[in-house]
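> Just dropping this structure here.
Only the coordinates and a few stated rules stand behind these numbers; no lab work does. Predicted model, so just to flag it, every value in this text is computed and none were measured. A quick note on method: Cβ atoms are made from the backbone with ideal geometry, for glycine too, and the neighbour counts reach across all protein chains shown.
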There are 2 protein chains.
Amino acid sequence: MRPKIYLFGDSITEFSFADGGWGAALAHHFSRRVDVVVRGYSGYNTRWALKVLERVFPEYCDGGGDGAPLAVTVFFGANDACLPDGYGAFQHVPLHEYKQNLNSIVSFFKKKWPATRILLITPPPIDEEGRLLNPYIKNPSNEPERTNNAAGDYAKACIAVATECGVPVIDIWTKMQQIPGWEKACLSDGLHLTENGNRVVFKEVIQKLREEGLSSETLPADLPLFSEIDFNDPLKAFEKL
Amino acid sequence: MRPKIYLFGDSITEFSFADGGWGAALAHHFSRRVDVVVRGYSGYNTRWALKVLERVFPEYCDGGGDGAPLAVTVFFGANDACLPDGYGAFQHVPLHEYKQNLNSIVSFFKKKWPATRILLITPPPIDEEGRLLNPYIKNPSNEPERTNNAAGDYAKACIAVATECGVPVIDIWTKMQQIPGWEKACLSDGLHLTENGNRVVFKEVIQKLREEGLSSETLPADLPLFSEIDFNDPLKAFEKL
């Protein structure tokens, strides 16, 4: 069986198989080697994620390969970071609870799959101007329900949890802001990713997985590759299976 | 567990998670409802596919949901249809054997998963001029190794097998040729799909699945959707899980 990589997160994970999405790009990158399985839940924060964790990854959950997935990305915080007094207040999770929840999620995976790489991803930066054009929810006020500062606090908290737990982390909040014009180049509505933004996440994820020893060059391919098939005796490649 | 749809085929299936690919588009379309699992093997014909069938779908193979996948697409023939005397001759499979092999593949799935929809897809048309620019293999002759006529013969054979077996089929060979300028609009190298070509396959697949009773509107979502969560009492949605 081909091993798996699970993508666990909110809408930025759920939408990752849309055109140019980072999830689909990962699936293509690890073609013939890994099944990339998306478990993104739009609008969810870490509080809701904890409520469903055992449903999303039940006892009998199949990790492919030897039973455990190669890696799980955990990409929450964008909704937790909604301002507590904005119209996204029902999604808000206080910073200290966010840290606890994220810690609990990491602990769950560590216990379930001790050898699986758990890769935290911070929430992305927020383009506050872009948020006022958010097509998903009518914003009755003229104030964004998320700010870049608040997202930055949750990003720092995510990094702190990764350090505490000894797992790798991608600081996409910082990385993305290094791109000139990131507000519009990387974000379509101040929060969700454009194709450019998706590419940034994709590149960071494969880079981090590579540092963790997981790369398309070293993972075995499922069944003989075309390049390994002898044109003069094609069936030979299938004899030893 | 979320149910699965398997995509079984050659490079046109293997590459279906590249930018604009029909596999990724399916995964996005069935977001939160179905895991789309790609089992594409570049260069493979039905003879090679038969050799690996039990390896690709072993006894313990997980279909998600109640144990059987919702559907399997079977998309072979482009390589079988290589001319027997061209430089792709080692991939060629005679027409009568192609029919037998395809029949055996359908029988395998019917026996393994009696309730699973098996959806055959004919090979796409060939742009012979485009084949001479094929970047994958240096063509020493100045003749294409595939012709549109030969692909058409395999497409008709595929349709005949579907009729014999009583399973649905997408005649992508015919559908694609109805598009003005299909040679360049749908095919990047005379055989593989452009984003336009991918869109044609995607639309035909979701339409056929819909006719078979599988649509994103009727399949249940995995866990409460954001739209089902009460802003005044978000946790209520998770109590009954």
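> At 7 Å along Cα-to-Cβ for each site, give me the label-to-label distance between residue A:179 and residue B:111 in nm.
5.1 nm
> In nm, what does the list of distances from residue B:85 to its counterparts in the other copies look like, shortest first, when each label sits 7 Å along Cα to Cβ?
Those separations, rounded to one decimal, come out as 8.4 nm.
> Please name whichever of A:186, A:8, A:140 sits farthest to the positive end of the charge dipole of chain A, dipole taken about the Cα centre and charges placed at Cβ: Lys and Arg +1, Asp and Glu -1.
Toward the positive end, the furthest listed residue is A:8.
> For residue B:89 and residue B:232 in one chain, what is 0.36 nm times their gap in residues minus the Cα-Cα distance, to one decimal in nm?
Computed gain between residue B:89 and residue B:232 is 44.8 nm.
> How much space per residue, in cubic angstrom, does the convex hull of the C-alpha atoms of segment B:171-217 take up?
It comes to 75 Å³ per residue, whole-number rounded.
> In peptide B:49-59, how many Cβ atoms from other protein chains are near each Cβ within 10 Å, on average?
Mean shielding count: 2.
> Give me a single rounded figure for A:24-32: the average over its residues of other chain Cβ atoms within 10 Å of their Cβ.
Mean partner-chain Cβ count within 10 Å for A:24-32: 6.
> Can you tell me the dipole magnitude for the protein assembly as shown around its Cα centre, using point charges on the Cβ only (Lys, Arg +1; Asp, Glu -1), in Debye to the nearest 20?
840 debye
> Sort out for me the Cα centre separation of segment B:213-228 from segment B:107-181, rounded to whole Å.
One Cα centre to the other: 32 Å.
> For residue B:235, which inter-copy label distances result when the label point lies 7 Å beyond Cα on the Cα-to-Cβ vector, reported in nm to one decimal and in ascending order?
Spelled out, the distances from residue B:235's label point are 6.5 nm.
> Averaged across the residues of B:231-239, what count of C-beta atoms belonging to other chains lies within 10 Å of each residue's C-beta?
Mean shielding by partner chains, rounded to a whole number: 3.
> Below 8 Å, C-alpha to C-alpha, sequence gap of six or more: please give me the relative contact order for chain A in percent.
On the way: 422 pairs, mean separation 49.1, N = 241.
Taking the mean separation of contacting Cα pairs over the length of chain A, I get 20 percent.
> Here is a further query. Considering only DSSP beta bridges whose two residues both sit in segment A:4-238, what percent are antiparallel, to the nearest 5?
Details: 1 of 18 bridges.
Given both bridge residues lie in segment A:4-238, the antiparallel proportion sits at roughly 5 percent.
> Give me Rg/Rg_expected for segment A:159-237, where Rg uses Cα atoms only and Rg_expected = 2.2 N^0.38 Å with N residues. Before the final figure, lay out the partial values.
On the way: Rg = 19.3 Å, N = 79, 2.2 N^0.38 = 11.6 Å.
Compared with the compact-globule rule of thumb, segment A:159-237 sits at 1.67.
> For A:200, B:93, which order do you get if you count the other beta carbons within 10 Å of each Cβ and list the fewest first?
Values: A:200 22, B:93 25.
So the ranking, lowest neighbour count to highest, is A:200, B:93.
> Further question: Cα-Cα over 28 Å: which of A:112/A:184; A:110/B:110; B:110/B:184; A:203/B:236; A:112/B:4; A:4/A:208?
Check vs 28 Å cut-off fails for A:112/A:184; A:110/B:110; B:110/B:184; A:203/B:236.
> Placing unit charges on C-beta atoms (Lys and Arg positive, Asp and Glu negative, everything else neutral), compute the dipole magnitude of chain B about its Cα centre in debye, rounded to 20.
Numbers: 25 positive and 31 negative charges, 91 e Å.
About 440 debye.
> Separate question: Principal axis extents for segment B:136-185, Cα atoms only, whole Å, descending order, please.
42, 25, 18
> Can you give the helix-only mean residue ellipticity at 222 nm for the protein assembly as shown, where every DSSP H stretch with n ≥ 4 adds -39500 (n - 2.57) and the sum goes over all residues, rounded to the nearest 500 deg cm²/dmol?
Calculated from helices alone, the mean residue ellipticity at 222 nm is -11000 deg cm²/dmol.
> Further, regarding this structure: Taking the axis about which chain B rotates onto chain A, which residue of B lies nearest it as judged by Cβ position, and how many whole Å separate them?
Closest to the rotation axis on chain B: B:24, 2.
> May I have the pair-distance distribution P(r) for chain B, computed from all Cα-Cα distances with 5 Å bins from 0 and rounded to whole percent?
Values per bin, smallest distances first: 1, 6, 13, 18, 18, 16, 10, 7, 4, 3, 2, 1, 1, 0, 0.
> Kindly work out what percent of the DSSP beta bridges joining two residues of the protein assembly as shown are antiparallel, to the nearest 5.
Once the DSSP bridges in the protein assembly as shown are tallied, antiparallel ones form about 5 percent.
> Under a 5 Å amide H to amide H cut-off, with H placed in plane at 1.01 Å, what residues pair with residue B:36 once short-range neighbours are removed?
B:5
> Computed FRET efficiency, Cβ-Cβ of residue B:239 and residue A:156, R0 30 Å: what is it to the nearest 0.05?
The formula returns an efficiency of 0.40 here.
> How far apart, in nm, are two points set 7 Å out from the Cα along the Cα-to-Cβ line at residue B:225 and at residue B:104?
Result: 4.4 nm between the two label points.
> Follow-up. Relative to the other copies, what are the label-point distances for residue B:212, with labels 7 Å from Cα along the C-beta vector, expressed in nm at one decimal and sorted shortest first?
Reported distances to equivalent positions: 3.4 nm.
> Report, largest value first, the span of the C-alpha coordinates of the protein assembly as shown along each principal axis, in whole Å.
Each principal axis gives a Cα extent; for the protein assembly as shown these are 71, 43, 42 Å.
> Follow-up question, since we're still on this one. Defining a contact as two alpha carbons under 8 Å apart and six or more residues distant in sequence, what relative contact order in percent does segment A:140-241 show?
Taking the mean separation of contacting Cα pairs over the length of segment A:140-241, I get 13 percent.
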